[in-house]
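The values are calculated or read from the model by the stated rules, or taken from the named source; none is laboratory data. Everything quoted here is computed from the prediction, not taken from an experiment. Because the Cβ atoms are built from the backbone with ideal geometry, glycine has one as well, and the counts that use them run over all protein chains shown. Heads up: the accessible areas ignore ligands, DNA and RNA and are worked out on the full protein's heavy atoms, side chains in. Shrake-Rupley method; radii C 1.70, N 1.55, O 1.52, S 1.80 Å.
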Amino acid sequence: MRTFVSGRSAHLSRRAQGAGAAGKMAGVGLAAVAAWVPCRKWSWAAVTFGFHHGLSTLLARKTERTPQWLRACRHKTSISFLSRPDLPNLAYKRLKGKSPGIIFIPGYISNMNGTKALAIEEFCKSLGHAYIRFDYSGVGNSDGNLEECTVGKWRKDVLSIIDDLAEGPQILVGSSLGGWLMFHAAIARPQKVVALVGVATAMDGLVTQFNQLPIETKKEIEMKGVWPMPSKYSEEGVYRIQYSVIKEAEHHCLLHSPIPVKCPIRLLHGMKDDIVPWHTSVQVADRVVSTDVDVILRKNSDHRMKEKADIQLLVYTIDDLIDKLSTIVH
């Protein structure tokens with residue numbers, strides 16, 4: 001595992017020396033040889049420790065390209081619907097193109113028209129790669145009742161997209177809840193999922209946040225059957241989550257044991273995230289069995305990571321994985 005701290009600070013990378021890395025950011029191997037690599041257009045520097053050329057090399061190379069995908073113009077893509085027997089139809093938009101394909105998995109109650117989803121689409125168009133974005137059941141243009149949706153049902157949505165729409169190997173990009181679901185998809189479809197990119201990965205998020213509440217509050221939620229979880233991203237100021245959804249989510253928690261995913265993984269997280277602590281991404285990296293794992297921390301980014309520099313980092317990370325996978329294939 002390698003960890004980077006970016007933004008106004010330096011990029012910090014390391015190669016973990018075995019298990020128990022989560023939460024031990026202080027013991028980061030400062031005795032290693034460091035080299036400063038300037039990255040002009042991003043107005044930052046990268047410091048690389050040990051054996052890795054990684055992020056500093058990536059940024060130095062990628063910033064030479066003109067980021068066409070960041071321009072404001074958007075090409076209209078028609079909405080299609082995936083019909084599923086006994087399950088809600090899913091709204092999606094798809095670009096056909098080269099492999100590996102990219103699938104964007106949104107956050108909680110987010111739809112396929114968010115900043116990150118659209119930016120990745122423009123990026124994939126510029127490279128000619130296949131891309132799919134979609135709405136969960138009960139969200140956006142998809143069928144279904146949101147109050148009846150659970151983590152397990154949304155997991156099935158992701159698998160339906162992979163099984164019925166995606167062709168060939170796929171890189172999954174998951175935001176928040178989508179980051180949790182992408183790991184479930186990688187476990188269920190290891191032959192098809194070849195890399196993961198998490199943005200503020202909310203692994204076990206609903207359950208962890210609920211368990212941190214005072215006992216009296218949890219009892220009250222259980223009695224009333226609804227958790228009015230405060231959120232600045234909701235128009236009402238709260239998300240009304242059914243207690244049954246929280247209990248169902250407990251069956252999909254992954255941090256309690258090794259996570260059997262072996263593909264390359266990149267975890268991006270803002271250090272000013274007040275919804276999902278950045279330490280969660282470090283925990284995920286520590287738990288996953290893959291040895292090709294980078295945790296990239298943005299010092300001044302929040303949970304959504306939708307500012308220009310965040311989007312640049314996201315698409316550069318995807319681009320680097322495409323290069324890496326192409327090298328492996330050839």
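Observations on the model:
- Residue within the range 237-245 that is modelled with pLDDT under 95, surrounded by fewer than 16 Cβ atoms within 10 Å (Cβ to Cβ), part of a loop (DSSP other than H, G, I, E, B) and of a type in the set (S, T, N, Q) present: no
- Every residue from the range 122-150 that is in a loop (DSSP other than H, G, I, E, B) and among the β-branched types (Val, Ile, Thr): Val139, Thr150
- The residue that is farthest from Leu321 (Cα to Cα), among those in the range 198-208 that are in contact with a helix residue (DSSP H, G or I) (Cβ under 6 Å, 6 or more places away or on another chain) and crowded, with 22+ Cβ neighbours inside 10 Å, is Leu206.
- Test result for Ile171, closer than 20 Å to Phe123 by Cα and either open to solvent by 10 Å² or more (accessible area, probe 1.4 Å) or within 15 Å of the chain's Cα centre (by Cα) (or both): yes
- Out of Ile265, Ile259, sole residue that is surrounded by 24 or more Cβ atoms within 10 Å (Cβ to Cβ) and either in contact with a Cys (Cβ under 8 Å, 6 or more places away or on another chain) or under 20 Å from Leu177 (Cβ atoms) (or both): Ile265
- Flag for Ala130 being without any contact (Cβ under 8 Å) to a residue 60 or more places away in the chain and of a type in the set (Gly, Ala, Ser): yes
- Candidate set from the range 65-116 (those that are at pLDDT 90 or above and in a helix (DSSP H, G or I)); member that is most open to solvent (accessible area, probe 1.4 Å): Thr115
- Verdict on His184 being of a type outside the set (Val, Ile, Thr), over 19 Å from Leu255 (Cα atoms) and in contact (Cβ under 8 Å) with a residue 60 or more places away in the chain: no
Table: residues versus (1) in contact with a Gly (Cβ under 7 Å, 6 or more places away or on another chain); (2) over 17 Å from Leu82 (Cα atoms).
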| residue | (1), (2) |
| --- | --- |
| Gly138 | yes, no |
| Val158 | no, no |
| Trp180 | yes, yes |
| Ile187 | no, yes |
| Pro190 | no, yes |
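- Each residue in the range 280-313 was checked for being crowded, with 16+ Cβ neighbours inside 10 Å, part of a helix (DSSP H, G or I) and of a type outside the set (S, T, N, Q), and 9 of them qualify.
- With respect to (1) of a type in the set (Asp, Glu); (2) assigned to a helix (DSSP H, G or I); (3) open to solvent by 50 Å² or more (accessible area, probe 1.4 Å); (4) within 13 Å of Pro88 (Cα to Cα), the lone exception for Asp163 is condition (4).
- Scanning the range 246-256 for residues that are open to solvent by less than 30 Å² (accessible area, probe 1.4 Å) and free of Cβ contacts under 8 Å to residues at least 12 places away in the same chain yields a count of 0.
- So Ala119, is it in a helix (DSSP H, G or I), within 17 Å of Leu172 (Cβ to Cβ) and either without any contact (Cβ under 8 Å) to a residue 24 or more places away in the chain or among the hydrophobic types (A, V, I, L, M, F, W, C) (or both): yes
- Which numbered condition Leu181 misses (of (1) over 12 Å from the mean Cα position of the chain (by Cα); (2) within 21 Å of Thr317 (Cβ to Cβ)): (1)
- Residues that are within 14 Å of the chain's Cα centre (by Cα), closer than 11 Å to Ala202 by Cα and outside any loop (DSSP other than H, G, I, E, B) within the range 268-279 comprise just one, His269.
- Residue within the range 219-231 that is assigned to a strand (DSSP E or B), touching a residue at least 24 places away in the same chain (Cβ under 8 Å) and open to solvent by 50 Å² or more (accessible area, probe 1.4 Å) present: no
- Any chance Phe134 is within 30 Å of Ser231 (Cβ to Cβ), within 23 Å of the chain's Cα centre (by Cα) and modelled with pLDDT of 95 or more: yes
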